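Only one structure is covered here, and it is reproduced in the block below.
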Amino acid sequence: MYQKFKETAQASKSLLLLSSEKITQVLQSLAKEIWKNKDHLLQENQKDLKLMKTEDPKFDRLKLTEKRLQDIMLSIEEIAKFPCPIDEIIEERKLKNNLFLQKIRVPLGVVGMIFEARPNVFFDCFVIAFKAKNGSVLKGSRDAYFSNSAIFNLIQKVLKKHHINEKIICFLPSTKEAVKEMFQAHGVIDVLIPRGSAKLINFVRQNSQLPVIETGAGIVHCFVDQSADIKKAANIIFNAKTSRPAVCNALECVLLHEKKLKNLPQLVKKLAEKKVIIFADKKSFAFIENFYPKNLLKTAQKENYQTEFLSLKLAIKTVNSLEKAIEHIDQYSSKHSEIIISEDQENIKKFKKVIDASAIFINTSSRFNDGGIFGLGAEIGISTQKLHARGPMGIKEITSYKWIVSGQGQVRN
């Protein structure tokens, strides 16, 4: 397997001499081929879906539809139009000794991705890596084997058509041995990015000998302040929880100011229509036990506040101040996305400054934490750490830089 990684690293060097125009042509061609081959892609995806239970939280992530393929195609077309960031001059200046310094953007090299049950991620990873002139080593899960194989073959077909070295992308088998070899691929894989559950991310972080960028896990909170507009709050909570519950920017916990307890029935009314199971603390339970369907209401346990449900489940906790909400978030947050619903500008200001997360949402849904929405075309993942990149990682986030120093024969004393 190491030899395959080495071949990808060597092939990725050829991308450095590839023109931006050629990269754009390849991506535009890939977008067209997706639509031409949509029936085959959907047939292969169905093979994967038949092997997974529909109640599995990963089922929705695994599923491809014509609409989702169209969205992928449009995303690729958008990324194709972006300027290639490589060789961009980030900074330049002349020193007192007339040396001329330039700081220029360069690819990371080879990006390794490990991801679960999301065939769209296969496209995102390759396209963003390719646009930034990186090679890619992609390891999907068994759950998406047929889907990923079909996507890989399609990408290979497009690369071959444009006379580009097909080894710039390496697709690994769904085995533990392949993962172990990725973890030890010093000198050929430059960075490893896991995208999936907290369990996967923790496993990669704890076992990889390569640099890791953590992405994905989202225990997202929404603090409903005492000054909150209840109509706004109800709509935001409903959208953040139910629009796509199995994704990482979906809401998992509502922190409700105790002075808004009387409004709780209004806040959760629409959630009952979607059959959202609520885990409520004692105070909030008392306000909705005669209102919310009994089969969907449960008493919250500690583990409910530290769980990324990835399904139609929601925890509620009552707090008596902004400070208590912040304290709870500090304890349980995965530093992905956090929401405040408030009309109090001082509280908003404090929340913005104090909360440690990749993105803060003020009076709006966390579902907007997305590379496409942020104007990046797509994302290779949403980084929840602080080193190198944070938040949605687009084309520029998978680049590095180097210094170019030009002189006329100067030597150092």
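The values are calculated or read from the model by the stated rules, or taken from the named source; none is laboratory data. Keep in mind it's a predicted model, so treat the numbers as computed, not measured. Virtual Cβ from ideal backbone geometry, glycine too; neighbours counted across all protein chains shown.
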Which one is surrounded by the most Cβ atoms within 10 Å (Cβ to Cβ) among residues in segment 322-368 that are part of a loop (DSSP other than H, G, I, E, B) and not hydroxyl-bearing (Ser, Thr, Tyr)? 336
Report, ordered by the first and then the second residue, all pairs with beta carbons closer than 6 Å, sequence separation of six or more or different chains, a first member in segment 20-38 that is aromatic (Phe, Trp, Tyr), and a second member that is part of a helix (DSSP H, G or I). 35/73
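Which residues, counting only those in segment 205-229, are farther than 20 Å from residue 9 by Cβ, surrounded by 20 or more Cβ atoms within 10 Å (Cβ to Cβ) and either modelled with pLDDT of 85 or more or not hydroxyl-bearing (Ser, Thr, Tyr) (or both)? Outline the logic, then answer.
At the first step, the residues of segment 205-229 found to be farther than 20 Å from residue 9 by Cβ are 205-207, 214-229.
In the following step, the residues that additionally are surrounded by 20 or more Cβ atoms within 10 Å (Cβ to Cβ) were identified as 214-225, 228.
Within segment 205-229, 214, 216, 217, 218, 219, 220, 221, 222, 223, 224, 225, 228 meet the criteria.
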Cβ-Cβ under 6 Å, sequence separation 6+ or interchain: first residue in segment 383-405 and modelled with pLDDT of 95 or more, partner charged (D, E, K, R) and in a strand (DSSP E or B). Which pairs? 399/105; 401/103; 401/105; 403/103
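Yes/no per residue for (1) more than 24 Å from residue 190 (Cβ to Cβ); (2) within 18 Å of the chain's Cα centre (by Cα); (3) without any contact (Cβ under 8 Å) to a residue 12 or more places away in the chain:
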site	(1), (2), (3)
88	no, no, no
92	yes, no, yes
99	yes, no, no
119	yes, yes, no
126	no, yes, no
132	no, yes, no
138	no, yes, no
151	no, no, no
Counting only residues in segment 286-308 that are in a helix (DSSP H, G or I) and of a type in the set (Phe, Trp, Tyr), the one nearest to residue 198 (Cα to Cα) is identified as 305
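Given the structure, is residue 185 in contact with an Asp or Glu (Cβ under 6 Å, 6 or more places away or on another chain) and either assigned to a loop (DSSP other than H, G, I, E, B) or polar (S, T, N, Q) (or both)? Quick ask: steps written out before the conclusion?
Values: in contact with an Asp or Glu (Cβ under 6 Å, 6 or more places away or on another chain): no; either assigned to a loop (DSSP other than H, G, I, E, B) or polar (S, T, N, Q) (or both): yes.
In short, no.
Taking into account only those residues within segment 221-244 that are among the β-branched types (Val, Ile, Thr) and either outside the structural domain of residue 322 (by TED's automatic domain parsing) or part of a helix (DSSP H, G or I) (or both), which is farthest from the chain's Cα centre (by Cα)?
Filtering segment 221-244 for residues among the β-branched types (Val, Ile, Thr) gives 224, 230, 236-237, 242.
Those left that are additionally either outside the structural domain of residue 322 (by TED's automatic domain parsing) or part of a helix (DSSP H, G or I) (or both): 230, 236-237, 242.
Numbers: 230: 30, 236: 21, 237: 21, 242: 18 Å.
Only one residue tops the list, namely 230.
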Please enumerate the residues belonging to segment 15-42 that are surrounded by 13 or more Cβ atoms within 10 Å (Cβ to Cβ) and either of a type in the set (A, V, I, L, M) or more than 30 Å from residue 399 (Cα to Cα) (or both). 15, 18, 23, 26, 27, 30, 31, 34, 37, 38, 41, 42
